[in-house]
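Just below is one structure, and these are the notes that go with it.
The values are calculated or read from the model by the stated rules, or taken from the named source; none is laboratory data. Note that the coordinates shown come from a computational prediction; the quantities given were computed from them, not determined experimentally. All Cβ positions, even for glycine, are placed from backbone atoms using ideal geometry, and neighbour counts span all protein chains on display. In case anyone asks, the SASA skips ligands and DNA or RNA and just uses the protein heavy atoms, side chains included. Shrake-Rupley method; radii C 1.70, N 1.55, O 1.52, S 1.80 Å.
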Amino acid sequence: GQEMEGTAVISSGTTVAFNPIADHLFLVGTEEGKIYKCSRAYTSHYLDIYQAHHMAVHAIAWNPFHQNIFASCGADWTVKIWDHTQRDPMFTFDLNAMVGDVAWAPYSSTVFACVAADGRVCVFDLSINKYEPLCEQSAIQKKRTRLTHISFNPLQPIIAVGDDKGTVISFKLSPNLRKALKEKNHSRETEVAKMDKLITFVREPLLEKIAQAQDSS
């Protein structure tokens, strides 16, 4: 990232996420919807800024396999997948409700889950479907309850979901949502390669447009 001149952050921070691989990098989400990329090597400057959401950022999650990839969600109903070296998101998903939290699966670079304020738990696998969730499940037990947190069990095919009433509900993932756990050749390298394939899928059309624009000029 390129060091930027600005140091002032006007709005309040709402969430912080440290990169688990490149651990000097961390992201700060704000009430106004911006995400700041920072480094522990530059204590008085941020490295970059993403115009991420139109309302407050609720959560940021770095991909556990690919050090460039992170997910964000916010009060503007969206979940977005980012390559931190680019200013624009790779994928945007509109859930038609405020999104409280997002988490990556510990067993796959392309699987993530999120919780919506209307009580839905959504599980995505970008390597299978790049446009909509593979699974949606209602998790609300009581009316006027808002889901706020989601977490994958690091060893078992289980996710835990929390709400604003203090309730935690656990779900077991169906076999089609946890294929990577059973693959014999499953490794960090294969997961990085799987995400790299997605990055190429997103970037190639953009590079073609840039090349066409240069040719026409």
| query | Among (1) part of a loop (DSSP other than H, G, I, E, B); (2) touching a residue at least 24 places away in the same chain (Cβ under 8 Å), which single condition is residue 123 missing? | reply | (1)
| For the range 83-100, which residues satisfy the criterion of being without any contact (Cβ under 8 Å) to a residue 60 or more places away in the chain and either surrounded by fewer than 24 Cβ atoms within 10 Å (Cβ to Cβ) or small (Gly, Ala, Ser) (or both)? | 86, 87, 88, 89, 92, 93, 94, 95, 96, 97, 98, 100
| note | Here the residues within the range 55-71 that are open to solvent by 20 Å² or more (accessible area, probe 1.4 Å) and touching a Gly at 6+ places or on another chain (Cβ under 8 Å) are 55, 56, 58
| query | When you scan the range 158-172, how many residues do you find that are loosely packed, with under 15 Cβ neighbours inside 10 Å and touching a Ser or Thr at 6+ places or on another chain (Cβ under 8 Å)? | reply | 5
| Matching residues, the range 137-157, being open to solvent by 50 Å² or more (accessible area, probe 1.4 Å), part of a strand (DSSP E or B) and more than 17 Å from residue 110 (Cα to Cα) | 137, 138, 149
| remark: The residue from 113, 41, 52 that alone is open to solvent by less than 10 Å² (accessible area, probe 1.4 Å) and in a loop (DSSP other than H, G, I, E, B) is 52
| field | Positions within the range 4-22 being open to solvent by 90 Å² or more (accessible area, probe 1.4 Å) and at pLDDT below 90, in sequence order | value | 5, 10
| Top-ranked residue of the range 9-26 - restricted to ones that are touching a residue at least 24 places away in the same chain (Cβ under 8 Å) and in contact with a Ser or Thr (Cβ under 8 Å, 6 or more places away or on another chain), ranked as farthest from residue 106 (Cα to Cα) | 9
